[in-house]
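See structure below.
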Amino acid sequence: MTNTGEFRRVRFFGALLGDDVHRPGPRPADPALAGAAVKRLLDRGVAMLGGGVALFVIGIGMQVQFDPEGGSLEALPMIGALMAGLALIPYGLIGLGRWRPRVRAAQNGPWRAGIALLGESGRKNGARLSVRYDEGDLDSLTTNTPVAFPLPGNVMTGEQRVWINGTGDAVTVMFEYGPFLVAARRVR
């Protein structure tokens, strides 16, 4: 893998409607690029939040200038800007909250290789992963919502090669073949 654009992620609507992670990746992921991929996810969250706030402010500005006697067609851009802004802001906040604590560790910390076996998966509690690191240590992780929705089919069967980074509630799991990243936390 030569660039971060080949990393994929499980998305809320993608998990319901079918996401790009359901296709096998062309080649295994390079852990050296994983930190940059996590940073890209944070940047995407910041862009969504900024874009949502900007659209909302534009919609408010249009509302101030709106002439109620001008007809309903003049209201459509205002309503569209307000709705688009309101739709983007929560996704931006979620992305910011999810990836910001993981960026520094992902860019500077070591990525530990291991084998993960998917355990139970539920919408409220996330998917449980049992990880056996190459050094022999064992770990138990749970994915964060919305990754509580089913992980891609190729992850659901058998053992998967993974790279783990982070501590406590700010863990990033990179599935080597996909490749895709999920936010997780350690089970205590």
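Tell me, yes or no, whether region 65-72 has at least one residue that is modelled with pLDDT of 85 or more, in a helix (DSSP H, G or I) and surrounded by fewer than 16 Cβ atoms within 10 Å (Cβ to Cβ).
Of all residues in region 65-72, those modelled with pLDDT of 85 or more come to none.
No, region 65-72 has no match at all.
Looking at this structure, is Leu151 at pLDDT 90 or above and not assigned by TED's automatic domain parsing to the domain that holds Leu55? Criteria not met by Leu151. The lone criterion from (1) crowded, with 17+ Cβ neighbours inside 10 Å; (2) at pLDDT below 80; (3) over 30 Å from Gly50 (Cβ atoms); (4) not polar (S, T, N, Q) left unmet by Ala116 is number (2). Among the conditions (1) more than 14 Å from the chain's Cα centre (by Cα); (2) at pLDDT 85 or above; (3) outside any strand (DSSP E or B), the only one that Ala105 does not satisfy is (2).
The values are calculated or read from the model by the stated rules, or taken from the named source; none is laboratory data. Quantities reported herein were computed from a predicted structural model and do not represent experimental measurements. All Cβ positions, even for glycine, are placed from backbone atoms using ideal geometry, and neighbour counts span all protein chains on display.
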